[in-house]
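What follows is a short report on a single structure.
The values are calculated or read from the model by the stated rules, or taken from the named source; none is laboratory data. All values reported here derive from a predicted model rather than from experimental measurement. In this analysis, Cβ positions are derived from the backbone assuming ideal geometry, glycine residues included, and neighbour counts consider all displayed protein chains.
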Amino acid sequence: MFWGLSPALDLQEEYLNHGDKSAYELNFLVIGGCDARHLIKTIAQAYRHERRYMNLFVVDGCPEIVARQLLLMSLALEKTTRCGLMEKTRRFLEVYGNMLLRPPTSRYIIAKARQLVGMVTNPDFMNCLLPCVSIEQMKYRERDYIENLLNFWTTGNTNQFNACELWEHRLRNSLGLRYDSRAGVYDWDYHMRLKEIAGQICFQEYKHFREHGIAFTWLETEVCRPNVTLSAGVYKCGDRYLHRGYLGDIVASPYIAYGLDCEDKDMLKSSHGVNYKRATDISERNLMRMLYEVENKEKFDVSMMNLDNQKNLGMVVLSELDAKISQGGPEAPLLLREDRDTYINVDYAKVHFLSLSALDHYPHKPQFQGLFHGVFLGHNMLPRVKPSVWSMARDDAVVIMESRKYMVELKREDVKAYGEQVQQAATAAQCDKLGSFDPRRMSSPNFALSDLAAVLISVLKVSFSND
């Protein structure tokens, strides 16, 4: 629910590989992207292509996901004048995939939530601070819900959101009688399914995520505060805020978006089937590259960053650490700057968040007919997409449909069956297949980036045609 099940894509590159390279403006529709990974990578790598303006329209299933994407976008677009690039990267990964946070990150979330409340309730304030993001096309009741959710984030209350208890509750409900032998369940899921399709993920970090809900860890850090951004079902009850718990993924892990491949091939080395680097290290490198390119609009040079590459933690078995919430007092207040110099100036792209009902209403609006050059469709949104949605795509649009290859809890037959649904949906939309598609294909992560359709993200790329 809170992170996607396919690696991040540069949507502009995907279209230019098959579409009109002379287009001066591009429009993309992201349906069920979940975590802003495609938005961030598309904006970060825009400098690699000829300058053109981009409109990125986003539709997701619930306001909690939209609020998280607002937070991640604002975090990614902050300048590094207040904190270094490394700190910014690790803060992003903590918020993205950890049930528990470091105290400084928890204080940052509280301060950022207060700032986002001002943005959500005052469009002029958002246009001043973050003009490249807009929620004006969302319904007022959805904005009110997001406001309530952000106000809940500002509490950072351990009693209202005890992350450790909620994670254990999900585990017990999921495993049932197998809970007492859960270590064997983790071992089976990893070695019989995940290692075949995402071998860059190390067993130690995967097991730690399955047990505690903490995906990204570093030797010099300790997490002890709840990540309230992962709460779901928050609603206002008088002066209090109530929630229904954690409803996100507890099996697939958040490593898939950034941790399976890297432009720096030395990060992918292995010896006798054991990786030198963890998926955490690869995620950190990939995200650091994106955040650097967003701000500096130039190539990320690893040799100039003075990074420590000597730690090969993928080959180290670390001692087991219990994840616990500290019982300290309230978080110390943190103040964030609120001026135009806080955020990076992105004058070549704008992100528009839409209501879920837009999939029903926008296809009938003339201004959206044949508008989109590219469409990304998440696996969880395929049943919500009606045939009328495809009228919003251009004749040469590239449609990317996400498969369920990385859903570890599914059997291979279920993955194949969903792949057939994807191909049926593409046929119903009168699409032409651009590449081979095997929803069950297993491969090592050390592959060419050109084999995206069949290996890297196991998605179906098709060219839209109205013939």
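What to note about this one:
- Picking from residues in the stretch 406-420 that are charged (D, E, K, R) and assigned to a loop (DSSP other than H, G, I, E, B), the one that is nearest to Met381 (Cα to Cα) is Glu409.
- Within the stretch 384-394, the only residue that satisfies the criterion of being under 24 Å from the mean Cα position of the chain (by Cα) and surrounded by fewer than 17 Cβ atoms within 10 Å (Cβ to Cβ) is Arg384.
- Condition broken by Asn173, with the remaining ones in (1) of a type in the set (S, T, N, Q); (2) over 20 Å from Glu94 (Cβ atoms); (3) touching a residue at least 24 places away in the same chain (Cβ under 8 Å); (4) loosely packed, with under 15 Cβ neighbours inside 10 Å satisfied: (3)
- Filter result for Tyr292 (surrounded by 16 or more Cβ atoms within 10 Å (Cβ to Cβ) and touching a Ser or Thr at 6+ places or on another chain (Cβ under 8 Å)): no
- Residue pairs meeting the criteria (Cβ under 6 Å; at least 6 apart or on separate chains; first more than 20 Å from Val120 (Cα to Cα), in the stretch 342-363; second in a strand (DSSP E or B) and of a type in the set (Phe, Trp, Tyr)): Tyr348/Tyr53
- Filtering the stretch 395-406 to residues that are more than 15 Å from Gln12 (Cα to Cα) and buried (at least 17 other Cβ atoms within 10 Å of the Cβ) leaves Met401, Glu402, Ser403, Arg404, Lys405, Tyr406.
- Positions within the stretch 345-383 being under 15 Å from Ala429 (Cα atoms), small (Gly, Ala, Ser) and surrounded by 19 or more Cβ atoms within 10 Å (Cβ to Cβ), in sequence order: Gly374
- Enumeration of residues in the stretch 140-169 that are surrounded by 14 or more Cβ atoms within 10 Å (Cβ to Cβ), within 30 Å of Tyr362 (Cα to Cα) and of a type in the set (D, E, K, R): Glu142, Arg143, Asp144, Glu147
- A single member of Gln45, Gln69 is under 25 Å from Asn296 (Cβ atoms), more than 13 Å from the chain's Cα centre (by Cα) and at pLDDT 95 or above, and it is Gln45.
- Residues that are surrounded by 20 or more Cβ atoms within 10 Å (Cβ to Cβ) and under 26 Å from Tyr186 (Cα atoms) were ranked within the stretch 419-443; the one that is modelled with the highest pLDDT is Gly419.
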